[in-house]
Amino acid sequence: MSDSTDQQHDGLTYQQFIAIEEMPEFNHFVRRKNIFLFSVTGSFLFIYILLPILAFQPFLQTPVVAAITGVWFYSAGLFLMTIVLCTLYVRKASQFDRESAAVLQKFEEMQGGQP
């Protein structure tokens, strides 16, 4: 059995994980990714939670088209928002994958080509 500091995971040692974590590029990448994820999630939850709060307000209970009230349009908008946010996330996820690969590439260059 080897020492815990020499354990490997996905070809990297514990010391290499620590070295990557200390890279400014990695920290900038994680910060940008977290800002994106938390802001999108927070916005979605805020708009989604407003539905039960606003559903019984007079302005959403008013018929807009025939007998269809504003609540129906708000609800349909939630479905559209979900599709838009999923599409946005898929595009951003591929960008984040490229950025993480660039950070790992820079780390490997710093290590002299050793993974």
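The values are calculated or read from the model by the stated rules, or taken from the named source; none is laboratory data. What you see is a predicted model, and the numbers here were worked out from it, not measured in a lab. No Cβ is skipped: glycine too gets one built from the backbone with ideal geometry, and neighbour counts run over all protein chains shown. Note: accessible area is taken over every heavy atom of the protein model, side chains too, but ligands, DNA and RNA are not part of it. Shrake-Rupley method; radii C 1.70, N 1.55, O 1.52, S 1.80 Å.
Looking at Phe59, Phe29, which is the one that is more than 20 Å from Phe79 (Cα to Cα), in a helix (DSSP H, G or I) and modelled with pLDDT under 90? Before the answer, list the steps.
Working: Phe29 fails: modelled with pLDDT under 90.
Result of the check over Phe59, Phe29: Phe59.
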Exercise. If the Cβ limit is 7 Å and pairs must be 6+ apart or interchain, which residue in region 71-96 that is part of a helix (DSSP H, G or I) pairs with which residue that is open to solvent by 90 Å² or more (accessible area, probe 1.4 Å)?
Worked result: Phe73/Val64; Leu78/Tyr48
Problem set entry | Checking Ala66 against (1) open to solvent by 60 Å² or more (accessible area, probe 1.4 Å); (2) at negative phi, the condition it does not meet | (2)
Exercise. Across region 1-21, which residue is farthest from Lys106 (Cα to Cα) among those that are modelled with pLDDT of 85 or more and aliphatic (A, V, I, L, M)?
Worked result: Ile18
Problem set entry | Condition met for Phe46 (open to solvent by less than 90 Å² (accessible area, probe 1.4 Å), at pLDDT 95 or above and part of a helix (DSSP H, G or I)) | no
